[in-house]
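First up is the structure itself, then whatever we jot down about it.
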Amino acid sequence: MGSFEKGDRGARILKIQTLLQGNPHGLTTGEIAHRTGVNPRTTYRDIRALEAMNVPVYEDNGRIAIDPNYFVAPVKFTLREAMALLMGVRLMHRHTDEADPDVADAFTKLAAVLPAPVAEYVHATVRQMADRPPNPTYSRVLQTIALSWAGQKTVRIWYPAPDHAVKPRVIEPYFLEPSLIGHSSYVVARDRGLAEMRTFKLERITRAEQMTETYQIPREFDVNKYLAGAWGIFHSGEPVEVRMRFYPPAAGRVKESIWHPSQALSDGPKGSVNMTVTVTGTVEIAPWILGWGDAVEVLAPQDLRKKIADAGAKMAARNRNSPSPARGGGSGRRGLEKPRRKQ
């Protein structure tokens, strides 16, 4: 469903107009009903209401469409600009693993002002994202925090503590940031109870309520500077220098990208490359290092080197023997049992 209530017919009709504007080949009544969260009969009445508002709606081979000449696009992009936007759409497609109606609506509006070849790919991306399972709790949390951030109002969130107990906390949202790790999004906020900056994963917030109290984000706050020291998004400690050595063929791949603003590269022995970065904590960089397998060696700090070595030893031990048989429910029989002949 969209971000409005089912009973808000005006908002729903406006959304149908936007959907039809962004889909020049039209949509079926069922598709429109799915996107607006009502049944097809209600959708049919909403379409009739659009006609009564003199919007040129028509039906063609079972698909509802709007005369493409009815709207004047406010912005036109060059093909190169459109391709840049398409890359952003595709990155969002890879980032999220759940259906988000607000994202779908935004991309549909964007497609309406893009050149036709690029718009087709945007529509295809929206269709794929719409087929993913929805997460109404996440959508409500994101909307509440985004609106509170825009209005600079405090938010009460229910968030799991280290002991897994879900407790209420009052935060002042400073910024919303997606993460490349784990298809996740975070809110950078000041925790009023701790009087400190914290980062909260939106997917872990079970409930969010906007409060009436307001706050001000300090003028000197710069989210890019704030996140510059983190490997990803977490500030989990004092800055620490991490030194690594990458061996061929990974060494060539490492040279192709800027992995962190602080990185410094130098040639190592036998075609290897040394990388040095300074990060605020090693929580996020450790999984990244493990992802390179035996192509990387941690030179410093020693505690991180030991952590990677221990993880590698556990992986080797777990994968050295044959896999354990899959356990099914009930009978406890082992996996590859000869099927019985039907009587």
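Yes or no, residue by residue, for (1) at pLDDT 90 or above; (2) within 25 Å of Thr214 (Cα to Cα); (3) not in a loop (DSSP other than H, G, I, E, B):
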position: Val113; (1), (2), (3): no, no, no
position: Val126; (1), (2), (3): no, no, yes
position: Met129; (1), (2), (3): no, no, yes
position: Leu142; (1), (2), (3): yes, yes, yes
position: Ser148; (1), (2), (3): yes, yes, yes
position: Thr154; (1), (2), (3): yes, yes, yes
position: Pro162; (1), (2), (3): no, no, no
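For region 200-222, state whether one or more residues are in a strand (DSSP E or B) and within 27 Å of Ser262 (Cβ to Cβ).
Initial filter on region 200-222 (in a strand (DSSP E or B)): 200-201, 207-214.
From the residues that got through so far, the ones that are within 27 Å of Ser262 (Cβ to Cβ) too are 200-201.
Checked against the condition, which is being in a strand (DSSP E or B) and within 27 Å of Ser262 (Cβ to Cβ), region 200-222 yields at least one hit.
Would you mention how many residues in region 215-234 are more than 22 Å from Thr154 (Cα to Cα) and touching a helix residue (DSSP H, G or I) at 6+ places or on another chain (Cβ under 9 Å)?
Going through region 215-234 one residue at a time, the tally reaches 2.
Would you please list the contacts, defined by Cβ atoms under 9 Å and residues six or more apart or on different chains, that run from a residue in region 257-269 that is outside the structural domain of Leu180 (by TED's automatic domain parsing) to a residue that is part of a loop (DSSP other than H, G, I, E, B) and at pLDDT 95 or above?
Hits for this filter: Gly268/Tyr247.
Residue by residue through region 164-206, note down the ones that are surrounded by 13 or more Cβ atoms within 10 Å (Cβ to Cβ), among the aliphatic types (A, V, I, L, M) and at pLDDT 90 or above.
If the condition is that a residue be surrounded by 13 or more Cβ atoms within 10 Å (Cβ to Cβ), among the aliphatic types (A, V, I, L, M) and at pLDDT 90 or above, then Val166, Val170, Ile171, Leu176, Val187, Val188, Ala189, Met197, Leu202, Ile205 are the ones that fit.
Return a yes/no flag: does region 55-62 have any residue that is in a helix (DSSP H, G or I), modelled with pLDDT under 90 and either not assigned by TED's automatic domain parsing to the domain that holds Thr214 or not aromatic (Phe, Trp, Tyr) (or both). Let's see the steps before the verdict.
Narrowing region 55-62 to residues in a helix (DSSP H, G or I): none.
No: region 55-62 contains no residue that is in a helix (DSSP H, G or I), modelled with pLDDT under 90 and either not assigned by TED's automatic domain parsing to the domain that holds Thr214 or not aromatic (Phe, Trp, Tyr) (or both).
Is it the case that some residue within region 235-252 is under 18 Å from Pro178 (Cα atoms), buried (at least 17 other Cβ atoms within 10 Å of the Cβ) and modelled with pLDDT under 90? Walk me through it before giving the result.
Our first condition is that a residue be under 18 Å from Pro178 (Cα atoms); within region 235-252, this holds for 235-236.
Narrowing further to those that are buried (at least 17 other Cβ atoms within 10 Å of the Cβ): 235.
Next cut, modelled with pLDDT under 90 only: 235.
Within region 235-252, one or more residues are under 18 Å from Pro178 (Cα atoms), buried (at least 17 other Cβ atoms within 10 Å of the Cβ) and modelled with pLDDT under 90.
Restricting the first residue to region 141-170 and requiring it to be more than 26 Å from Asp102 (Cα to Cα), which pairs with a second residue that is of a type in the set (A, V, I, L, M, F, W, C) and crowded, with 18+ Cβ neighbours inside 10 Å meet a Cβ separation below 6 Å and a spacing of at least six or different chains?
From region 141-170, the pairs are Arg169/Ile157.
Please find, within region 253-278, the residue that is nearest to Pro178 (Cα to Cα) out of those that are small (Gly, Ala, Ser) and in contact with a Ser or Thr (Cβ under 9 Å, 6 or more places away or on another chain). So that I can check it myself, show each step before the final result.
To start, the set of residues in region 253-278 that are small (Gly, Ala, Ser) comprises 257, 262, 264, 266, 268, 271-272.
From what's left, in contact with a Ser or Thr (Cβ under 9 Å, 6 or more places away or on another chain): 262, 264, 266.
Numbers: Ser262: 20, Ala264: 25, Ser266: 31 Å.
The selected residue is Ser262.
Evaluate the following for Ala84: is it touching a Pro at 6+ places or on another chain (Cβ under 9 Å) and not hydroxyl-bearing (Ser, Thr, Tyr)?
Values: touching a Pro at 6+ places or on another chain (Cβ under 9 Å): no; not hydroxyl-bearing (Ser, Thr, Tyr): yes.
Here the answer is no, as Ala84 does not meet what is asked.
Looking for whichever is farther than 21 Å from Arg169 by Cβ, of a type in the set (Val, Ile, Thr) and under 21 Å from the mean Cα position of the chain (by Cα) here; the options are Ile181, Ile258, Ile205, Ile233. Which one fits?
Numbers: Ile258 fails: under 21 Å from the mean Cα position of the chain (by Cα); Ile205 fails: farther than 21 Å from Arg169 by Cβ; Ile233 fails: farther than 21 Å from Arg169 by Cβ.
Within the list Ile181, Ile258, Ile205, Ile233, the selection yields Ile181.
Can you tell me which residue within region 21-54, out of those that are at pLDDT 90 or above and in contact with a Gly (Cβ under 9 Å, 6 or more places away or on another chain), is nearest to Val118 (Cα to Cα)?
Result: Gly26.
The values are calculated or read from the model by the stated rules, or taken from the named source; none is laboratory data. Values in this document were obtained by computation on a predicted structure and should not be read as measured data. Cβ coordinates were reconstructed from backbone atoms using ideal geometry, including for glycine residues, and neighbour counts include every protein chain displayed.
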